[in-house]
1. Please state which one of L85, L28, L37 is open to solvent by less than 10 Å² (accessible area, probe 1.4 Å) and more than 16 Å from the ligand (Cβ to nearest atom).
2. Could you give me the residue pairs with C-beta distances under 6 Å whose first residue belongs to segment 61-83 and is over 14 Å from T156 (Cβ atoms), whose second residue is polar (S, T, N, Q) wherever it lies, and which are 6+ apart or on separate chains?
3. What number goes with the only condition from (1) in a loop (DSSP other than H, G, I, E, B); (2) β-branched (V, I, T); (3) buried (at least 22 other Cβ atoms within 10 Å of the Cβ) that I104 does not pass?
4. Of all residues in segment 5-25 being in a loop (DSSP other than H, G, I, E, B) and open to solvent by less than 20 Å² (accessible area, probe 1.4 Å), which is nearest to the ligand (Cβ to nearest atom)?
5. Taking interchain pairs and intrachain pairs at least six residues apart, which have beta carbon atoms under 9 angstrom, with the first residue in segment 181-206 and within 16 Å of the ligand (Cβ to nearest atom) and the second of a type in the set (K, R)?
6. Report yes if F93 is surrounded by 15 or more Cβ atoms within 10 Å (Cβ to Cβ) and more than 17 Å from the chain's Cα centre (by Cα), otherwise no.
7. Out of the residues in segment 246-267 meeting the condition of being of a type in the set (A, V, I, L, M) and not in a strand (DSSP E or B), tell me which one is most open to solvent (accessible area, probe 1.4 Å).
8. Test of understanding: among G187, G243, which residue is assigned to a loop (DSSP other than H, G, I, E, B) and in contact with a Pro (Cβ under 9 Å, 6 or more places away or on another chain)?
Amino acid sequence: MCRPERTIVEIAPKTWLMSEYKLVNTYLLEGKDTAMLIDGGIGIGNLAEDVKKLTDKPTIFVATHGDGDHIAAAGYYDIAYMNPLDEERSRSFPLGRKMAEFCIRTRGPIRNPETPVKALLSLIPDDPLPPLPDFLPMGDGSSFDLGSRPVEVIHTPGHSEGSCCLLDRTTRLLFCGDACNDRLLIGNADRDEGLREALATFEKMWARRDEYDFICQGHDALDKSDKSFILDYIEAIQALLSGAEGSPRTDAMHSGTMYPHNKIMVWYNLNKSRLFLKES
Ligand SMILES: [Zn+2]
């Protein structure tokens with residue numbers, strides 16, 4: 001059985017999409033002094049080693065949000081940032097082999113059907129993941145300077161309370177984590193409150209659309225994505241707040257109410273949004 005390769009795509013100069021075997025997207029940005037890893041996946045394979053092949057700069061870790069499939073590997077980095085609003089959420093995942101196995105068995109056949117589940121399971125490291133770091137705080141308006149490469153934090157709640165996008169002014173890319181994938185899982189259990197919060201986020205992102213050319217998603221897309229995803233969400237959520245309703249839906253990854261519109265799906269009333277927690 002050959003060991004699966006991590007897909008790495010240079011999406012802009014000194015900017016790489018490092019796909020965690022098509023399960024989660026992480027991104028590496030290099031400035032003149034420092035590199036930034038945006039999200040770190042569920043911790044399979046050896047991301048830190050793959051990062052070192054691309055940059056010799058000291059690397060800081062920045063979490064777009066506190067979900068286990070994005071922060072599990074954060075402990076490999078001495079300096080890590082996250083919005084404190086997601087702190088509690090980040091501590092609620094059973095990180096490590098159990099979560100990795102669960103993600104691979106449920107997400108693998110959907111997100112990476114060409115790679116056998118067994119091959120993905122072989123990527124789980126023998127050594128346990130280092131514990132989560134004490135995240136340094138960041139929030140709306142925080143900024144990083146990687147050395148002639150400023151990156152701004154934009155708070156974009158909806159998927160989670162603390163979700164943030166990162167605006168890279170050099171490449172004009174907006175890294176969105178799970179705030180604007182082709183499916184949005186609304187974290188707030190109160191339907192209308194969650195929808196209103198997400199709508200405000202997409203309106204805020206759209207109001208700043210002249211500051212970036214493309215968005216970069218937290219899952220699935222293996223390249224930059226069109227920013228019109230944001231408009232699709234605005235239209236869908238406005239419809240949902242004006243009386244439209246999705247249909248109950250359960251798939252291997254989620255269970256809740258799903259409303260499709262153009263390129264996107266809005267999921268709300270989630271009752272198993274964190275399926276791997278419920279079954280662990
Ligand atoms: Zn995710």
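The values are calculated or read from the model by the stated rules, or taken from the named source; none is laboratory data. Quick caveat: nothing in here was measured; it's all calculated off a predicted structure. Neighbour counts are summed over all protein chains in view; Cβ atoms, including those assigned to glycine, are modelled from backbone coordinates with ideal geometry. Just the protein is used for accessible areas: all its heavy atoms, side chains included, with ligands, DNA and RNA removed. Shrake-Rupley method; radii C 1.70, N 1.55, O 1.52, S 1.80 Å.
1. When all the criteria are applied, what remains is L28.
2. I71/S90
3. The single condition I104 does not satisfy is (1).
4. V24
5. What qualifies is D182/K263; G187/R89.
6. No; evaluated as a whole, the condition is false for this residue.
7. If we take residues in segment 246-267 being of a type in the set (A, V, I, L, M) and not in a strand (DSSP E or B), then A252 is most open to solvent (accessible area, probe 1.4 Å).
8. Working: G243 fails: in contact with a Pro (Cβ under 9 Å, 6 or more places away or on another chain).
None of the other options fit; the residue is G187.
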